[in-house]
Amino acid sequence: MKKLICIVMAAVVAAVSVACGSQPQSGKKLVLSEVTHSIFYAPQYVAINEGYFAEEGLEIELVNAGGADKVMTSVLTGAADIGLAGAEACVYVYLQGKEDYPKVFAQLTRCDGSFLVGREKVESFDWQSLRGSTILPGRKGGMPYMTLLYALNKNGLEVGKDVFFNDTIQFNAMTGAFLSGEGDYVTVFEPSATDIEMQEKGFILASVGEAGGEVPYTTYFAKQGYDADTLQKFTNAIAKGQQFVAEKSPAEIAAAIAPSFPETDLAVIEKVVQNYKEIGAFSHTPVMEEAAFDRIIDIVKNAGEIHPDADVPFEAIIDNSYAEAAKQ
């Protein structure tokens, strides 16, 4: 099994504090380490900017870790109180046999958030049209890579035989590489996918998340034994943010999260939110379904990142008690 976790951090990640709109910040401060800073996590930024955390007596300090491994490291070392990354991060630590592995207590997104972008506009996309092409899939072992691999396999395509991966390009450099001529297709998150379309340098063809199916793609986790009252308050705020996103229009959501993305045009934020709402990317509740968890285990096993016979019980990784209480 490929090790995801490095206990000693190579560098201290710069902290980025996000203000809670006009709400006064007071109460207990929590350091929240997010895998990246993305519109994909809209309910979280709604909870911050609409003051839902402040209502619970919490102040959130966001740290953009830049990777699930770094998020997990920050939680394990105590540099962060709560981590935001895929549930597989907790699975890897669990399978290492660590007794104090973190557990997931809330789910934020329910599918892969990346989109397949091609150079030509296609009215009716068929996965079989990818035969013989080269795709830029991201880092081997990363969830975007593994979910794309799973989606291709579901559609009868074998990497290295029917389609080819160029996984030598770093995640943050993939858009630039595609725009400069590398590969026939690329998988990118928003707003990069929309940016490419707006430049007329490529076209969104398919949602990898829709093709891969529902999974606990982005989740919150903390060390076992972390203060239960704080976790409940945190989950309450996230649940309110999820309800807001479920009920409001893309324009209203964009306006709410705009303070968290000051360098992104409001029209782009709205378009990105619309794209994510259309594929059902945002969880409407922090409760995780066991079937979705089982699928993410299948995806990781399919990619060869854990042994096919590895036993990963749902209850060992997931604690739904806070999410169940928050949705009442």
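Values quoted throughout were computed directly from the atomic coordinates according to the rules given, and no laboratory measurement underlies them. Please read all numbers here as calculations on a predicted model, not as lab measurements. Quick reminder, even Gly has a Cβ in these numbers, built from the backbone with ideal geometry, and neighbours come from all protein chains shown.
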* How much of the DSSP beta bridge set in the chain is antiparallel, as a percent to the nearest 5? -> 55 percent
* **From phi via Karplus (6.51, -1.76, 1.60), per-residue ³J(HN,Hα) for the range 236-247 in Hz, x at Gly/Pro** => 4, 5, 5, 4, 5, x, 5, 5, 4, 5, 5, 9
* With a point put 7 Å past each Cα toward its Cβ, work out how far residue 159 is from residue 177 in nm, to one decimal. => 1.2 nm
* Nearest 0.05, what FRET efficiency do residue 140 and residue 243 give at R0 = 35 Å with Cβ-Cβ as r? -> 0.40
* **Alpha carbon convex hull of the chain, projected area averaged over orientations, nm²** => 16.0 nm²
* **Cα radius of gyration and Dmax for the range 229-326 (Å)** => 17.0, 47
* Over the range 61-203, what per residue volume does the convex hull of the Cα atoms give, in whole Å³? -> 140 Å³
* Simple Cβ-charge dipole of the chain, Lys/Arg +1 and Asp/Glu -1, about Cα centre, in debye nearest 20 -> 480 debye
* **Residue-averaged [θ]222 nm for the chain, counting only DSSP H segments that reach four residues, each worth -39500 (n - 2.57)** => -10500 deg cm²/dmol
* How much FRET efficiency would the formula 1/(1 + (r/R0)^6) give for residue 311 and residue 201, where r is the Cβ-Cβ distance and R0 is 30 Å, rounded to 0.05? -> 0.05
* Out of the range 32-133, which GluC sites (Glu not before Pro) are coil in DSSP terms and have no more than 13 other C-beta atoms within 10 Å? -> 99, 120, 123
* Residue pairs, from the table 121/271; 29/240; 140/233, whose Cα atoms sit over 28 Å apart -> 140/233
* Asked: Given Cα pairs under 8 Å that are at least 6 residues apart, what percent is the relative contact order of the range 115-212?
  -> 48 percent
* Asked: Where does each of 175, 218 land when they are ranked from fewest to most other beta-carbon atoms within 10 angstrom?
  -> 175, 218
* When only DSSP loop residues count, what trypsin sites (Lys or Arg not before Pro) in the range 140-238 have their Cβ near at most 11 other Cβ atoms within 10 Å? -> 161
* Selection of trypsin sites (Lys or Arg not before Pro), the range 93-134, meeting DSSP coil and at most 13 other Cβ within 10 Å -> 98, 121, 131
